[in-house]
Amino acid sequence: MITKLLLALKKWALPIVIVYAIALTIGSLVHIGSIPSLGFSFDDKIYHFLAYFVFTILVFNYFNTKQIHHAILISACIVVVYGIIIEVLQNMITSYRTLDVYDVVANALGVVFATLGLKFRNKLKLK
């Protein structure tokens, strides 16, 4: 059962990354009404953190299925650059979104925490 699940994840790793990236791009560039409040003044940053945390893991999973060396580092770099590009595009092509340095920081923190989690998981596997 687990073997079939792992094979399915390998088979669908790239389509999952592509669909997630498209959804994240659309969600970042279109006008969204109100998003559910978590009760904090920085709700938006929490959503950024979580979105980029998940995105990093999905990109890593894809590279890992291809047995690419330094998959964690490559995944982190790609997702950070993607986040910066999205923030710049928000400023350039929308009138209702602006470039926010704190969004970039929240994105990067999501990437860092995902990266640390992946590295920690790999270290546990080795022992």
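The values are calculated or read from the model by the stated rules, or taken from the named source; none is laboratory data. Please read these numbers as outputs of a predicted model, since none were measured by experiment. For neighbour counting, all protein chains shown are included, and Cβ atoms are generated from backbone atoms with ideal geometry for every residue, glycine included.
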Kindly indicate whether any position in segment 62-70 is among the basic types (Lys, Arg), surrounded by fewer than 18 Cβ atoms within 10 Å (Cβ to Cβ) and not in a helix (DSSP H, G or I). yes
Qualifying positions in segment 88-117 - buried (at least 18 other Cβ atoms within 10 Å of the Cβ) and over 14 Å from the mean Cα position of the chain (by Cα): 97
Can you name the residue in segment 96-123 that is closer than 17 Å to residue 78 by Cβ and either in contact with a Leu (Cβ under 9 Å, 6 or more places away or on another chain) or among the acidic types (Asp, Glu) (or both) and, of all such residues, is modelled with the highest pLDDT? 110
